[in-house]
Amino acid sequence: MTTSFAMQSMILGSPVTSLSQSRNGLNQFVPSSYLPRLHRNTRLRVKCMSEPKSSTDFFDLFSFSGPAPERINGRLAMIGFVAAIGVELANGGDLSAQLSSGGLLWFLGSSVLLTLASIIPLFQGVTAESKSGGFMSADAEIWNGRFAMLGLVALAFTEYVKGGGLFQV
């Protein structure tokens, strides 16, 4: 033990504190001259501030990390996935048959409507996080939208590989 203390003293160039001399329970192998002095700033006060209001600028809302793109795409994917599965169960047609038989106009119409319904509150400064609570939270909506996007792509890919509808025999 004394040999390791002597070797550390030679390597570090200053005496090493022993177990009985350790300051504030810090590492005993670090020289006390290298440890910073911890002084408390008694004049430091922490104040609670309210959440800053979100930006209503068009480019801030639609930036890559803005609140609009993923939320709108997720909402459209949730509606699209449920509609695609529902129509396939009711009529037996696959996704491409649904789009070619008038589904494209329904898709465009609902896309415009849901996009406007999602944008208007954002331009007024209302965030989804401020209106969410409990079971239906803003994070749950984002994750459900992500899963719906993956589900819609998986449905289209499966129907392409299979050559027909998902529920067709």
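The values are calculated or read from the model by the stated rules, or taken from the named source; none is laboratory data. Bear in mind that the values here come from a model prediction, so they are computed numbers and not experimental data. We place every Cβ from the backbone using ideal geometry, glycine too, and count neighbours over all the protein chains shown. To get the accessible areas, we keep the full protein, side chains included, count just its heavy atoms, and leave off ligands, DNA and RNA. Shrake-Rupley method; radii C 1.70, N 1.55, O 1.52, S 1.80 Å.
Accessible area per residue for region 101-169 in Å², computed with a 1.4 Å probe and the full protein assembly in place, what is it? Don't skip to the end; give the middle numbers.
Numbers: 4920 Å² over 69 residues.
In whole numbers, region 101-169 has 71 Å² accessible per residue.
Between A83 and V112, 0.36 nm times their residue separation minus their Cα-Cα distance comes to what?
8.8 nm
Here each label is just a point 7 Å from Cα along the line to Cβ, and for A90 and L166 those points are 1.7 nm apart.
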